[in-house]
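A short reminder: the numbers here are calculations on the coordinates, not readings from a lab. Since the structure is predicted, the reported quantities are computational estimates derived from the model, not experimental observations. All Cβ positions, glycine included, derive from the backbone under ideal geometry; neighbour counts span all protein chains shown.
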Amino acid sequence: GENVEQHPSTLSVQEGDSAVIKCTYSDSASNYFPWYKQELGKRPQLIIDIRSNVGEKKDQRIAVTLNKTAKHFSLHITETQPEDSAVYFCASGGTSYGKLTFGQGTILTVHP
Amino acid sequence: GAVVSQHPSRVICKSGTSVKIECRSLDFQATTMFWYRQFPKKSLMLMATSNEGSKATYEQGVEKDKFLINHASLTLSTLTVTSAHPEDSSFYICSATETGHMNTEAFFGQGTRLTVV
């Protein structure tokens with residue numbers, strides 16, 4: 001089955017800096033790659049996703065890049081703010097309706 | 001966006017009892033729903049795929065007799081933790097994708113914090 005590896009497990013940055021989280025996946029048939037933000041005790045919230053027919057997608061301070069050949073994708077957050085502090089999960093899917101395989105998560109802390 | 005409602009949000013039960021958790025898609029139909037388990041500071045681990053009108057598909061290592069799943073309609077899936085034990089204490093969360101849309105957002109319920117005492 002699919003395996004998703006996510007790094008780093010923790011990331012600490014100063015407010016205003018950029019944060020980058022990287023994921024790799026194993027199933028070459030996967031074609032949908034969402035990123036979720038989860039606050040403590042809450043449900044994961046989709047922040048951005050990318051499909052395999054594009055290499056990059058941007059939404060304000062958030063961007064995702066995808067390299068299908070290398071089977072890796074990354075989340076980039078620019079101009080980080082304290083409210084960006086949360087756990088971020090990457091995931092892969094697209095081979096079965098709605099089924100996602102999640103990475104291990106990254107605890108992002110943005111210091112004021 | 002679409003809404004998935006999960007109930008209850010918190011439950012405390014005694015060892016040996018059973019607990020039922022409901023997952024409802026409020027404004028869309030979901031032929032398939034998913035149940036995840038999340039330990040503190042850990043990722044979401046897929047437990048099973050709930051299929052409307054048929055048996056659930058369980059991931060390796062998940063006891064189907066322990067975690068009973070019923071998906072009787074296109075908007076409701078239930079997870080019953082039978083004969084609960086303290087080690088079953090966890091955060092359980094469901095997700096659903098609108099029927100017929102493979103590469104679209106999965107919507108999550110708010111999760112259920114189960115504590116078995």
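Limiting things to C-alpha atoms, what are the Rg and the maximum Cα-Cα separation (Dmax) for the protein assembly as shown, in angstroms?
17.6, 51
I need the shape label for the stretch A:54-106. Rule: rounded when a/c is under 1.5, else prolate if a/b > b/c, else oblate, with a, b, c from the alpha carbon gyration tensor.
Details: a/c = 2.22, a/b = 1.42, b/c = 1.56.
Verdict is oblate for the stretch A:54-106.
So how much slack lies between A:Ser9 and A:Glu79, counting 0.36 nm per residue of separation and subtracting their Cα-Cα distance, in nm? If you can, show how the numbers build up before the last one.
On the way: separation 70, 0.36 × 70 = 25.20 nm, distance 2.04 nm.
Stretched out fully, the A:Ser9 to A:Glu79 stretch lengthens by 23.2 nm.
About its Cα centre, what dipole magnitude does the protein assembly as shown give when the only charges are +1 on Lys and Arg Cβ and -1 on Asp and Glu Cβ, stated in debye to the nearest 20?
Numbers: 22 positive and 22 negative charges, 80 e Å.
About 380 debye.
Under the rule a/c < 1.5 gives rounded, and otherwise a/b versus b/c splits prolate from oblate, where does chain B land using the Cα gyration tensor? Present the calculation step by step, with values, prior to reporting the outcome.
Working: a/c = 1.76, a/b = 1.59, b/c = 1.11.
Cα axes put chain B in the prolate bin.
Residue by residue through the stretch B:66-77, which ³J(HN,Hα) values in whole Hz follow from phi under the Karplus form 6.51 cos²θ - 1.76 cosθ + 1.60 (θ = phi - 60°), with glycine and proline marked x?
8, 10, 7, 10, 10, 10, 7, 9, 6, 10, 9, 10
Assign one of three labels to the stretch A:1-80, namely rounded, prolate or oblate, based on the Cα gyration tensor with a ≥ b ≥ c the square roots of its eigenvalues; rounded applies when a/c is under 1.5, prolate when it is not and a/b is larger than b/c, and oblate otherwise.
On the way: a/c = 1.69, a/b = 1.44, b/c = 1.17.
Here the stretch A:1-80 falls in the prolate category.
Could you give the nm distance between label points at A:Glu56 and B:His7, where each point is 7 Å from its Cα heading toward the beta carbon?
Distance between label points: 4.7 nm.
Restricting attention to chain B, give the cysteines that have no other cysteine Cβ less than 4.7 angstrom from their Cβ.
B:Cys13
With +1 on each Lys and Arg Cβ and -1 on each Asp and Glu Cβ, and nothing else charged, work out how big the dipole of chain A is about its Cα centre, in Debye to the nearest 20.
Values: 11 positive and 12 negative charges, 76 e Å.
Dipole magnitude for chain A comes out near 360 debye.
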